[in-house]
1. To the nearest 10 Å², what's A:Met270's accessible area with a 1.4 Å probe?
2. Quick one: grab the alpha carbon gyration tensor of region A:642-684, order the square roots of its eigenvalues as a ≥ b ≥ c, and give me rounded if a/c is under 1.5, else prolate or oblate depending on whether a/b is larger than b/c.
3. Give me a single rounded figure for B:241-252: the average over its residues of other chain Cβ atoms within 10 Å of their Cβ.
4. Taking the Cα centroid of region A:504-561 and of region B:100-119, what is the distance between the two, rounded to the nearest whole Å?
5. Sum up the charges of everything whose Cβ sits under 14 Å from the Cβ of A:Ala199, counting Lys and Arg as +1 and Asp and Glu as -1, but leave A:Ala199 out.
6. Net charge within 15 Å of B:Asp132 by Cβ-Cβ distance, Lys/Arg positive one each and Asp/Glu negative one each, not counting B:Asp132 itself?
7. For region A:581-651 and region B:282-326, what is the centre-to-centre distance using only Cα atoms, to the nearest Å?
8. I need to check one value: relative contact order of region B:207-281, counting alpha carbon pairs closer than 8 Å and at least 6 residues apart, in percent.
Amino acid sequence: MSLLSVRDLNVTFPSEAGDVLAVRGISFDLERGRTMALVGESGSGKSVTSLAIMGLHPDLVTISGSITLDGEELLGKSDAEMSKIRGNRIAMVFQDPLSALTPVYPVGNQIVETILIHNPGTTKRDAWNRAVELLTIVGIPDAAERARAFPFEFSGGMRQRVMIAMAMANQPDIIIADEPTTALDVTIQAQVLEVLQRAQAETGAAMILITHDLGVVAGYADEVTVMYAGRPVEQGTIGDVFYHPAMPYTIGLLGTVPRLDHKSGDPLPMLEGNPPDVVHLPPGCPFVPRCPMAAPQCEQVEPELTAVGEGHTAACVRLSDVVGRAHTEIFRPPPLERTSLAAVPRADRDTVLELAGLHKHFPLLKGALYRRQVGVVKAVDGIDLDVKVGETLGLVGESGSGKSTTLLEILELLKPQRGRIMVLGRDTAALTKAERRAMRKDVQVVFQDPMAAVDPRMPVFDIIAEPLQEFGWKKAEVEARVFELLGLVGLRPEHADRFPQHFSGGQRQRIGIARALALSPSVLVLDEPVSALDVSIQAGVINLLEALQHKLHLSYVIVAHDLAVIRHISDRVAVMYLGSIVEIGDVNTVYDTPVHPYTQALISAIPIPDPDVERARQRIVLEGDLPSPSDPPTGCKFSSRCPKLALLAPAQQVQCQAEAPALEQIGEGDHQAACHFAEVLKVF
Amino acid sequence: MSGYIIRRVLNYVVLLFIACSFAYLLASSFLNPYSVYFGRQPPVDPDVIENIMRGCNLSHEVSLWERYTTWLTKIFTEWDWGCSPLRVSVNEQIGVRMWVSLRLVLIGTLGGVIVGVLVGAWTATRQYRVSDRVYTGLSLLVICTPSFVLGIVLQILAIKANDAMGVRFFEFVGEKGVVGDYPLAELVDRLQHLLLPTIVLVLLTAASLSRIQRNLMLDSLGADYVRTARAKGLPKSQAVMKHALRTALIPTGTYVAFTVATMFTGATYTERVFSFPGMGQYAVQTILAMDVNGIAATTAFAGVCVVCGAILSDIVVAILDPRVRLG
Ligand SMILES: Nc1ncnc2c1ncn2[C@@H]1O[C@H](COP(=O)(O)OP(=O)(O)OP(=O)(O)O)[C@@H](O)[C@H]1O
Ligand code: SF4
Ligand code: SF4
Ligand SMILES: [Mg+2]
């Protein structure tokens, strides 16, 4: 008998528009100590499934099927009965650690509460000691002390550790983790995943891991269930699903993610379109509108899961035609017209943007009731870089490393506090007001959610036309230009009259790009342009950005936390740590032969969506959080977390802590790093 | 921290001083205290009136500036807030009325807060059910009804009830009445008089507070940490009480602390309807009675209440919210 057995689970929400069929017939078995990953696009029913297992749906939700824990049926149990199971036999870790802990109680008390609910015989003191012990296990330093702290006194990664400690508290049989690391930095993600694994080993629990990150799945799951529009569409072991995917959606999903470990230079295969609305589902396979293999027979009845191999099932009526095809045969990457510039070596190209010794310091204010300055935050602390025409520079680093501040400084086109910003060969400090205004045309920006900054009552036409009107374009010219731009970003002319809320994330991002391109800029600054998008949508936007670059000879400065995206899209990459660049150079050189310990740790923290590669990797897990930028360590700023430091001779350690390393040329090519003991380390 | 509080209190004191001075100067220039003696039968001799006015520092023959400085000096040296044109001492009036208001307001608002918070929290957990809709309707009805209408309706109901019972159980005029001669008779009499105005205040406070609390509670019911609490194994009711309500009380705390303090002068209508000799009633009376000193003193009193409310709500928030206490 399986530990957890789910059979034909259906979850339906009533809504004004009709019933939302959020989950439609999922079945699976979970054995002790095993990990099953639940993957699928946003809205595919992953969270709804997990909440149904926990019995946390409100009463008006209709749930049918069967969920048994050790043979005991859970559906139909009262709230009181389920309360005995929740937190005791099945525990859950939620996505957002910032809001998942009650703000007004110390974290220790919240863990104690978990223990006492299920063990009424335990004394408070014992429960407290156990809480401290749990906090120690999950890696909270000074646990006895920190247990008295409130959630707001912890960083996101630390809070997630507390959540995991809470989930472990009663030695559960099953831990459900719903996007446990999505809100965290990659370095912190690596720490938290390690802790989660430790928790699983410690308790012997089975785990349901919900994540959109296929790399995480590749590293941790034993089995995979892929969901689409509330249905499981493929189930199997990790090897089956990653190496022999049979359902076109799975194939598409795996094929569209850029890889961290190599750069193809070609456009990404695309899985265009959006998942269907689960309120009014047409008959037939819900994937038809997006499936390149769709045929008339697909539209008749919804395919059932059928066996593809031992323990491997997929729901597709054309399995025999699909299996065995390479994914690029199914999802063809769009053609890319390369620019003539590609042949020009970097050194011979014009420089469009240059930063020299750029500084941006903020006063650090303290006190909730009245504020006084207690220090300076060195958000950007002397960086140099240049961007050539038609080139993309990626900026990476943990949150708080100064990436966005750097972008904002570029965008302002003002005289910086210290240092110099040159745009198209002109120093921004020397510009007159009118010149600065004119220069704004040349430097435009795309945000993570570009529609957040515009009036939602404006139709798309007005959104794109706004910058043109601001610069005094004539009405007829504006109209022609807007339609030209719509075409350029792959939107249709009839989209012009619609409102932003009628568009999907990917389309909104296209609108944002069209608006940014309106005035024909030479430099486009992009702040996390694809991080809010599902992986399938992301590929389309990335391809668009690449195509536009080749067509318009644009230069990009792009910030993204996804290092695989950066590798795919960038020509050069700069790694930032506490306001400084620690390594910069050609993207392939930096990724394949990183020499700075921070770069090595950062790349090593990113999981690769390939189970064999991922499981064979040695991971460098960084200790602790980013230090406060107002009080960086002396000497090398990375010295407080540098994994290499401990391996050095004492005299060398002193050098690290006393002397700040400067950027120095590494090897022959385009590669610089700021480390006294720079040395190549393979991270794949 | 203490330095901060001292500075803040000093700020308030300065503001209070300015506000009271304004009130005094405005009232002195626009009101005519002489008029309370006009049209009397037999007519009062103008010299006598002038003497009275001089005695009360209200004479229009003395320059405004001089009256103002005299007023200030008396307050700061003798804590004497002056007297009305009819020579009633402001200190005495406020000294008595303050406590009358205190009893009424404290019991009324605290009762209202408890009822309001509970009803608000409870209706939030029953969102869109019949009970929620019924309470929503009732509270909106109370909010829309002017307080004097509410008072008068209660009085009418009380008369009916008294008639039906044949005893005068409900009292609705004044603060005390005929006292019987059994033990604790005086207390019983006071309570009887307090009952109806208190009910009005409770209803008013509870009605609006329950709406606020319901919305706050709805926010925190949907919060992730309540889901976490349930996932830990707390039954719904406990998760709601220990996690949702506790957090949703933080904004209420500020609101209540402020309301209690400002209610001293805010229960005007209720006090008038029930002829309750409290501060609210006094505030209206001073204006009608051309009582310049009384007006300035009530302004000061109201100001002190607001300051206390602000400080009180800071303290309450600091107690309820660790983020403020430690952040
Ligand atoms: N409380 C609710 N009321 C109505 N519909 C809901 C509710 N919760 C979820 N849904 C719907 O159920 C479907 C599945 O949602 P679910 O949250 O399980 O998706 P998910 O796979 O977890 O997505 P994500 O990756 O964004 O977390 C969606 O269409 C969603 O809009
Ligand atoms: S059933 Fe048809 S539409 Fe659905 S995945 Fe298979 S081939 Fe594509
Ligand atoms: S200089 Fe020293 S501390 Fe800094 S990164 Fe290099 S080895 Fe580490
Ligand atoms: Mg989800």
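1. Accessible area of A:Met270: about 40 Å².
2. Oblate is the answer for region A:642-684, as a/c is 1.5 or above yet b/c matches or exceeds a/b.
3. Mean shielding count: 2.
4. Between the Cα centres of region A:504-561 and region B:100-119 lies a distance of 58 Å.
5. -2
6. Computed value for this residue: +4.
7. The two parts, judged by their Cα centres, are 58 Å apart.
8. In percent, rounded to a whole number, it is 24.
The values are calculated or read from the model by the stated rules, or taken from the named source; none is laboratory data. Since this is a predicted model, take the numbers as computed values, not measurements. Heads up, the Cβs are rebuilt from the backbone with ideal geometry, glycines too, and the neighbour counts pull from every protein chain shown. Each accessible area value is taken on the protein alone, full model and side chains, heavy atoms only, with ligands, DNA and RNA left out. Shrake-Rupley method; radii C 1.70, N 1.55, O 1.52, S 1.80 Å.
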